[in-house]
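Here's the structure we're looking at; comments come further down.
No lab work stands behind these numbers, since they all come straight from the coordinates. Bear in mind the structure is a predicted one, so any value in this text is a computation, not a measurement. Note that we place each Cβ from the backbone using ideal geometry, even for glycine, and neighbour counts take in every protein chain shown.
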Amino acid sequence: MKTYKKLSIICILFFSVAATYAQQDFQGKAYYASKTTVDMDNFGRPDMSPDRKKQMMDRMKSFLEKSYTLTFNKTESIYKEEEQLAAPGGSQGRGFGGFGASFVAGVQYKNVQNNQLLQEQEFFGKQFLIVDSLPKLKWKMTGETKQIGQYMAMKATAMKPVDKMSFASFRPGPRGGDKETADKKGDSTKVDKPVEEKEVPKEIEVTAWYTMQIPVNQGPGEYWGLPGLILEVSADRTTVLCTKIVLNPTEKESINAPSKGKEVTKDEYTEIVTKKMEEMREMYGGRGGGRTGRGR
């Protein structure tokens with residue numbers, strides 16, 4: 001009986017916004033807050049003090065907590081990060097001593113009609129335009145509902161491959177200092193098991209909450225494919241939550257496909273970034289016996 005009532009309410013809400021959605025110039029704007037957590041127990045050197053870890057987390061806060069806007073119509077959307085002012089004496093977006101600032105994401109464009117995903121991306125001063133098709137997730141409806149603001153949201157889950165470029169999926173490299181210390185003590189059997197030996201999953205579960213009150217096939221980031229706007233999505237250590245929605249704003253924004261930068265596929269861009277990261281590890285890995293740990 002309760003399920004029937006919920007479905008009835010959802011149907012009523014759906015039809016109540018149908019007239020608004022049917023307008024030829026329909027447009028909406030959703031505001032999202034994104035937060036990523038880091039397992040500090042496995043971050044940095046094993047002997048790092050709690051105070052030092054806290055300092056690092058404070059420095060990375062602006063890199064781990066971001067605000068975005070999604071401007072959308074029936075078939076297209078533009079997703080972009082809102083600019084934030086750095087705190088006095090801070091280092092906004094400079095997670096790894098400046099390395100994080102080398103990843104500057106531009107606008108992301110999705111076209112669900114043409115199955116197109118475009119992402120402007122600046123990397124170490126070079127501008128790229130990542131051209132890809134929309135990732136297709138096999139969403140499973142759970143039947144669960146909850147209220148998000150003034151909207152009734154429904155739950156769906158899916159499995160997706162781990163994104164190698166996701167900050168949340170980064171794992172620290174080998175810690176050569178551990179082996180060196182153990183060798184000096186003459187007991188190599190007591191070397192702490194390096195973090196990279198821990199199994200990294202190939203897939204992660206994605207949990208999304210969408211509302212049929214706004215029946216567009218859109219959502220934050222690369223997420224889409226549900227019969228309503230995605231208001232909340234969680235994957236790995238990142239949660240993105242919608243905080244505000246404006247339908248048919250007085251001043252509408254142009255939704256145009258980005259065109260700046262060298263065109264590359266997602267795989268090509270991943271290869272470029274991976275190669276650069278390896279170079280950075282070679283350059284800085286020698287500190288604290290890092291090169292020794294690589295067997296160099």
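In terms of surrounding Cβ atoms within a 10 Å radius of their Cβ, Leu70, Leu129 rank from fewest to most as Leu129, Leu70.
Using θ = phi - 60° in the Karplus curve 6.51 cos²θ - 1.76 cosθ + 1.60, the 3J(HN,Hα) couplings for region 152-160 round to 7, 10, 10, 9, 9, 10, 7, 9, 9 Hz; x is entered for Gly and Pro. Averaged over residues, the count of other Cβ atoms within 10 Å places the peptides 71-79, 119-127 in the sequence 71-79, 119-127, highest first. Amide H to amide H, with H built 1.01 Å from N, Ile204 comes under 5 Å of Lys160, Val162, counting only residues 5 or more places away or on other chains. In this structure, the pairs whose alpha-carbon distance is over 21 Å, taken from Lys29/Lys74; Lys140/Lys244; Lys80/Lys276, are Lys140/Lys244; Lys80/Lys276. Sorting the segments 233-240, 208-215 by their mean number of nearby beta carbons within 10 angstrom, highest to lowest, gives 208-215, 233-240.
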